[in-house]
Amino acid sequence: MTVRTLPPLGPNRKLKLPREVERTLPNGLTVIVLRRPAVPLVELRLWVPFGRAHLARGLMMSQTLLSGTETMSSVQLAAELQKVGGGLSCGADSDRLMISGTGLSTGLDRILELLAEVLTGASYPNDEVATERARLIDGIRMAQSQPTHLVRKALLKRMYGKHPYAVQTPEPEQVEAVRPAALRSLHAARVRPAGAILLLVGDVQEAKALDAVERALGDWTGDGAPGELPSTPPLEPGPLLLVDRPDSVQSSVRLALPAVPRTHPDHAALQLANLVFGGYFSSRWVENIREDKGYTYGPHSVIEHSVAGSSLVVAAEVATEVTGPALLETIYELGRLATLPPKEDELEQARQYALGTLQLGISTQAGLAAVASAYAGSGLRLEFLAEHAARLAKATRDDVAAAAASYLAPSRAVTVVLGDAGQVEAPLGVLGPVRTEAAGS
Amino acid sequence: MAAGRSRIPATKHSVERFTLDNGLRVVLAPDRSAPVVGVAVVYDVGIRSEPEGRTGFAHLFEHLMFQGSENLEKLAHFRHVQGAGGTFNGSTHLDYTDYWETLPSNALERALFLEADRMRGPRLTEENLRNQVDVVKEEIRVNVLNRPYGGFPWLRLPPVMFDTFANAHDGYGSFDDLESASIADATDFFDRYYACGNAVLAVGGDLDVAEATALVERHFGDVPARPAPERPSFAEPDLTGERRESYTDKLAPLPAVAAAWRVPDPIGDFAGYLPYVVLAEVLTDGDASRLVERLVLRDRSVTSVGGYLGLMGDPFDVRDPTAMVLQAHLPPGGGVDKVLQTIDEELDRLATDGLAADELARTQARMATHLLRETDAVLGRTLQMAVLEQQRGDPGLLGELPRLVGEVTEEQVRAAAATLRPQRRAAVEVVPGGGAR
């Protein structure tokens, strides 16, 4: 067998960002256009601030915004969009209402017209609202049977206490109570151009696209209620919360740790620390609990950014019988990085990964749209990506060790496990105090 | 401003094909719109080729291909890809298994090295095998056993629809079969199916054809020549009577149903197959589609309905026999009989009365958007081209799809709908066994 050596990498490719063109319309709408003409399509994202919106009504609104206007039914709207290869969808979370769409770039004007039709004329017809209400309730029931949903729900409650982020899915009975009139009022109060950001990415001419938006959406008016969210409270470590799910063949393990927003000076170092710990496949934690021990399939550790705060969430679905050992290894790997600096080669590997995946992430229209709209929602522009890349390139081993010591310390974690309490309560109890609850309580 | 429909745009992908002396087929698809490359290696072996008593083996073996190779220790593959700023994965399908990397383009040679190294031979050790059996079991628990509707319908329809082991068995595998897998099985599987004559390498993105050709030659040129095994026919006769089964999912809160019909050979009769791909969208793409409008919005007899070609949702990368699938989730207490009957009614109406003005054209325009969007990603393009080369010798078909879909006629869609009769249907029903909690 010939011994072959790994070829070296070629010189790093320069990060090349598309030009970002921006205009604020007289009605307060910010419009951002990014050109990537690789395929003849356009991606659209409309980010409307939605903090503190009524949970059940807000979610119902996102499900019925496209259910019809004074002049068009939902079916007509969908058919008109299809004619230009288009489609729109709407979703809501604790921060924003988001209308997303894709279509043939030749159909941009028409898509914008139909978007305007919905923004200024959504009528929330009684029948359609009733249909969507029933569907949403079924959807919530369905979600409540999913372990990943149940553990997320318990984790948010545990992390956020009384903050609006604590509850992000309404109960079926709350949805049941939502009437069309409430949706119309909520729309009037919150679906407003002031503070909203419309992003277009694709095979478009920047100036023409800005003009097209101004033509189509210039008549959308009104001030948005600010809906400002208080900052998220600090995490309060305490006993592990065990949520009982009898007969579960796996346990869903979650640890929440503190984190900082994208613009914070520690952010790049924290991102690198998280990668070394468990944020990608070649991390200590994944190599340990998957590739060495076979406890789990897809463990992941992610920094989550929201308008009111950031957090780091560590997540793994592990076999019931190894729940205790899996948590032990997780705490061990967090503690090891929080107390000892990473090795130089580990850090370089994580750094290359962070920089490379920035390039990969913006190499498609949809990827660019996702990054640019997440940035825009936090008041940033795509140029921030270059700043962030520079910070990733510069972060030292000391910076990363310091970030790990402050943010990855297991003593700061809020821990929630969803699983069969009868089997996992005792092994988890060996590691520290446990408080057990029934699922959904 | 016109409310008219859009012309379906033409797309062009520059594609180079060649075959190395050892039989490895190569596709190069340069596109310099972003400084990234995609590398895909596709082996012509999948779930259908698993031996009896070894369900799930093709997938387990896919995991073993990441556990080190001739010149690489365990974990090295992952570290080299990610340490170059890239991402990787593999996946196992009915008719093929793929391995891929996407990376900044300065790492192209590294990815070729890594793929060539495991094409020469993975390091098959007992320890790695046991470890990956455990990992795969967790994968099955997370995707099937610990969640409602796990494996529905992709693992549940085949045993209803097909009779031969190859087509009907559980592609994720039983725990018993996975646990009895041995190194000898893995060695045999590699020797038989992972021949370079049975593989396609595709490279897409930010590359120069001459340079990439030289790199491919350098790294793959001396992979030992081994011919492709003969591929057996997996053909089965069409159903002659309706088949219907149900099972209780103890975690599921609500009923669901999936129905499937055999469709023409996607390779041998592509012209006959394509109308079904369009039909699935006419029936289920958005609020203006036939079944969403009828079942979801009007009758409220389902909360969602979807339709697609291929049991794994893979219209252009599966061989015969395959199927068109419709699946629906029902509200509490919803009746599956009624839903199936309404679907029959709507298919009948479509076959008899045809499509409304513009209905076909707008569906085709939307399909063009979906197809184009997939090809914007270097990985999407590269993987699809690798499979199209393997199964059809025609990677350029990728760029033709929007146009070909756009050329399907109303008459063809009606004729396709007319074949979806209840007596040719296989259906499987999920009986909810769980409360909401």
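Just so it is clear, none of the values below were taken in a lab; they were calculated from the coordinates. Being a predicted model, the structure only gives us computed values, none of them experimental. As a convention, Cβ positions derive from the backbone with ideal geometry for all residues, glycine included, and neighbour counts pool all protein chains shown.
For the pair A:Arg397 and A:Lys16, a Förster radius of 30 Å applied to the C-beta separation gives a FRET efficiency near 0.55, rounded to the nearest 0.05. In this simple spin-label model, placing a label point 7 Å from the Cα along the Cα-to-Cβ direction at both A:Asp292 and A:Glu348 gives a separation of 2.3 nm. Across region B:258-375, the mean sequence separation of Cα contacts (distance under 8 Å, 6 or more residues apart), normalised by length, yields a relative contact order of 27 percent. In plain terms, the residue of A:Ser105, B:Ser91 with the fewest other Cβ atoms within 10 Å comes first and the most crowded comes last, giving B:Ser91, A:Ser105.
Based on the alpha-carbon gyration tensor of chain A and its eigenvalue square roots a ≥ b ≥ c, which shape applies: rounded if a/c is under 1.5, prolate if not and a/b is larger than b/c, or oblate? Oblate. Here region B:16-220 is assigned +1 on the Cβ of each Lys and Arg and -1 on the Cβ of each Asp and Glu. Its dipole about the Cα centre then comes out at about 340 debye. Calculate how many DSSP beta bridges within chain B are antiparallel, expressed in % of all such bridges and rounded to the nearest 5. Counting DSSP beta bridges with both partners in chain B, the antiparallel share is about 80 percent. Here the residues A:Met98, A:Met61, ranked from fewest to most Cβ neighbours within 10 Å of their Cβ, fall in the order A:Met98, A:Met61.
In nanometres, what is the gap between the two model label sites at A:Arg215 and A:Glu176, each 7 Å from Cα along Cα-to-Cβ? Each label point lies 7 Å from its Cα, and together they span 5.0 nm. Hey, with R₀ at 30 Å, roughly what FRET efficiency would B:Asp353 and A:Ala130 work out to, going by the Cβ-Cβ distance, to 0.05? Given R0 = 30 Å and the Cβ-Cβ separation, E is 0.55. Placing +1 on the Cβ of every Lys and Arg and -1 on the Cβ of every Asp and Glu, with no other charges, gives chain A a dipole of roughly 620 debye about its Cα centre. Taking other C-beta atoms within 10 angstrom as a stand-in for reagent exposure, A:Leu431, A:Leu156 fall in the order A:Leu431, A:Leu156, fewest first. Helix A:323-339 and the long axis of chain A differ in direction by around 90°, with both axes built from C-alpha atoms.
The C-alpha atoms of chain A define a longest principal axis, and helix A:344-361 lies at about 20 degrees to it. Loop-located GluC sites (Glu not before Pro) in region B:187-248 (DSSP state other than H, G, I, E, B) with a sparse environment of at most 12 neighbouring Cβ atoms within 10 Å: B:Glu230.
A DSSP coil position with no more than 14 other Cβ atoms inside 10 Å describes none of the trypsin sites (Lys or Arg not before Pro) in region B:339-415.
Give the residue from B:Ser180, B:Leu103, B:Ala168 lying farthest towards the positive end of the charge dipole for region B:16-220; charges sit on Cβ (+1 for Lys and Arg, -1 for Asp and Glu) and the dipole is referred to the Cα centre. Of B:Ser180, B:Leu103, B:Ala168, it is B:Leu103. Measuring nothing but alpha carbons in chain B and taking Rh as the Kirkwood radius, the Rg to Rh ratio lands at 0.98.
Report the full-extension gain for the segment B:Glu230 to B:Thr19: residue separation times 0.36 nm, less the Cα-Cα distance, to one decimal in nm.
Between B:Glu230 and B:Thr19, full extension yields 74.1 nm more.
If you run the Gaussian network model on chain A, springs between alpha carbon atoms under 10 Å, then out of A:Met142, A:Met72, A:Met159 the most flexible one is A:Met142.
Spacing of the modelled spin labels on A:Thr148 and A:Glu437, each 7 Å from Cα toward Cβ, amounts to 2.2 nm. Inter-chain neighbour count for A:73-81: the average number of beta-carbon atoms from partner chains within 10 Å of each residue's beta-carbon is 6. With r as the distance between the Cβ atoms of B:Thr409 and B:Asp344 and R0 = 22 Å, compute the FRET efficiency 1/(1 + (r/R0)^6) and round to 0.05. E(calc), rounded to 0.05, equals 0.40. Could you state the angle between the C-alpha long axis of helix A:180-190 and the longest principal axis of the C-alpha atoms of chain A, as a value from 0 to 90 degrees rounded to the nearest 10? Helix A:180-190 sits at roughly 80 degrees to that axis. The loop-placed GluC sites (Glu not before Pro) in region B:97-176, going by DSSP, include none that has at most 11 neighbouring Cβ atoms within 10 Å of its Cβ.
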